[in-house]
Amino acid sequence: MAGGKRVAFDNKVIDWIDVRLPLFTMMKNEYGVFPTPKNFNYFWNFGALAFFMLITMIASGLFLAMHFMPSSEGAFSSIERIMRDVNWGWMLRYIHMNGASMFFIAVYIHIYRGMYYGSYKNPRELLWILGVVIFLLMMATAFMGYSMTMSQMGGWAATVITNLFTAIPVAGESILNLLLGDYTVSNATVNRFFVLHFLLPFVIVGVVFLHIVALHMTGSNNPTGIEPKGPQDTVPFHPYYTTKDIFGMGVFLIVYAYLVFYAPLMLTHADHFVEYDPLVTPPHIVPEWYFLPFYAILKSVIYEGLFTPLIVFEWVGISAKLGGVLAMIGSIAILFVLPWLDRHPVRSARYRPLFQKFFLLWAANVVLLGYLGALTADATILGIPAYLIGQFSTVYYFAFFLVILPILTKIEKAKPLPNSISEAVLEKNKSKKSAKGAAAA
Ligand code: HEM
């Protein structure tokens, strides 16, 4: 076979197909016998779980699209019809709605796992960059799906977010009109959001394909961050990780099913169940939970409090609105250059105590930003204005990437690394055994 070694299959039909179209050989090489580090922990389940959610979202979305009417008049009422009159429509909707949350949960854990264990470092930079592209596409897809429902929250989210583009000097207004297809959220808006919401998941499938190809060029990272040194450090992907992934999926599905069947509205907002009214602004416009940290960053850039010195930006024409938009875009864009901001030779946080602490603080800070993102502009926490706390959190968010990581690259002394993955695994088992022995004595 040109380009690689074909595997012979016992099953005659499979073999016949494989000679002509070597899909089964590819599956066997890339997933069956693929040598995979033998020390994965459960955090390595989340790539497969994200993939499972992508398929679930496309499948449930296809059936919803058969009943959804993408027009300003029809959108909200067609969803009501799906909930009440379409057979199993309520379940389809709840699977899709809560599926978006489960998808983001899987992907956030997947990203943070990658950051903790340094999976973005040489030679996996491109794999990481493709991941960030997927993340951006996911955000765009989720935003348009939510907005096109013409609910109060959806319609106003579309208004608020598209309006941010007017902060761009000169071209802002034209971009806004292009996005909305009108001067305000209208029929044209619902139509184009629906088309893009339908299309983008298939673009995501394409980028995920490239993501996996890139992964299979370099092989996976692992909790030690050390590359496998030979067959003693790896196991075949099947049955070891297929079984582990299926187990992880079982646990994940229990949580997902709980949301769908017992708490389907837990993660959303009451105003998402009221029809859009352009004349009545909801008292408190908030995005879905997965956007909240970025929303908090957007809201933090005001030329008051901690950011008073930033008033100079206003003098050179960067309004607080534009500053907020730039900070929000920057908070994701900075992930693209992460492999070059952290150039420390040791990958895993296990052997980098300083990086470990700063990273965990950064992750907790993102959760705090998420909390702040949901608060009203005049909220206080323990008497401190929430926007001030948001400004400190925003500063730490960026300082972690732009100051702490480059400094740690230069000064951090890593703990001694094990010689190989096998040695690390055996060490761990030995210390577990001696702890058990001590407890028994
Ligand atoms: C639809 C979304 C995504 C899917 C389906 C997906 C799928 C996968 C799969 C199946 C793996 C191998 C298993 C694993 O290591 O968990 C993987 C690895 C990886 N992904 Fe993703 N991914 C997605 C999004 C992302 C995002 C948003 C990022 C980062 C911004 C990312 C970064 C990585 C990295 C760095 C690895 C290598 C991990 C390692 O070797 O330790 N992925 N991805």
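Taking 0.890 mPa s as the viscosity and 25 °C as the temperature, the Stokes-Einstein diffusion coefficient of the stretch 43-285 based on its alpha-carbon Kirkwood radius rounds to 124 µm²/s.
Pull out a ≥ b ≥ c, the square roots of the eigenvalues of the alpha-carbon gyration tensor of the chain, then state rounded if a/c is under 1.5, prolate if not and a/b is larger than b/c, and oblate in the remaining case. Oblate, since a/c reaches 1.5 and b/c is not below a/b. Remark: relative contact order (the stretch 299-432) = 32 percent; criterion is Cα-Cα distance under 8 angstrom and separation of 6 or more residues. Note on residue 413: lysines with a C-alpha under 18 Å away, same-chain residues under 8 apart excluded, are 121, 357. Taking amide hydrogens as placed 1.01 Å from N in the peptide plane, the amide H of residue 36 sits under 5 Å from those of 235, 237, each at least 5 positions away in sequence or on another chain. When nucleic acids and ligands are ignored and a 1.4 Å probe is applied, residue 184 ends up with an accessible area of around 70 Å². For residue 151, the residues whose modelled amide H falls within less than 5 Å of its own, excluding neighbours fewer than 5 places apart on the same chain, are 276.
The phi-based Karplus calculation (6.51 cos²θ - 1.76 cosθ + 1.60; θ = phi - 60°) puts the 3J(HN,Hα) values of the stretch 310-326 at 5, 4, 4, 5, 5, 4, 8, x, 8, 5, 4, 5, 5, x, x, 5, 5 Hz, whole numbers, x for Gly and Pro.
Straight-line reach from residue 299: taking Cα to Cα under 18 Å and skipping same-chain neighbours fewer than 8 places apart, the aspartates and glutamates in range are 288, 314, 378. Entry note, the chain: the mean residue ellipticity at 222 nm calculated from DSSP H runs of n ≥ 4, each adding -39500 (n - 2.57), is -20000 deg cm²/dmol after division by the residues and rounding to the nearest 500. For the stretch 23-39, the Karplus equation 6.51 cos²θ - 1.76 cosθ + 1.60, evaluated at θ = phi - 60°, returns couplings of 5, 5, 4, 4, 4, 5, 5, 8, 10, x, 8, 3, x, 10, x, 7, 10 Hz by residue, with Gly and Pro reported as x. Working from Cα pairs under 8 Å separated by at least six residues, relative contact order for the stretch 1-91 is 12 percent. The spread of Cα positions in the stretch 299-432, taken along each principal axis and listed from longest to shortest, comes to 59, 34, 21 Å. I need to check one value: relative contact order of the stretch 43-285, counting alpha carbon pairs closer than 8 Å and at least 6 residues apart, in percent. RCO, the stretch 43-285: 29 percent.
Here the stretch 18-156 is described by how far its Cα atoms reach on the three principal axes: 53, 40, 24 Å, from widest to narrowest. Measuring only protein heavy atoms, the 1.4 Å probe finds residue 240 accessible over about 130 Å². With a 1.4 Å probe rolled over the protein heavy atoms of all chains, the accessible area of 371, 112, 146 falls in the order 371, 112, 146, largest first.
The values are calculated or read from the model by the stated rules, or taken from the named source; none is laboratory data. What you see is a predicted model; the values in this text were computed from it and never measured. Note: areas computed on protein heavy atoms with side chains; ligands, DNA, RNA excluded. Shrake-Rupley method; radii C 1.70, N 1.55, O 1.52, S 1.80 Å.
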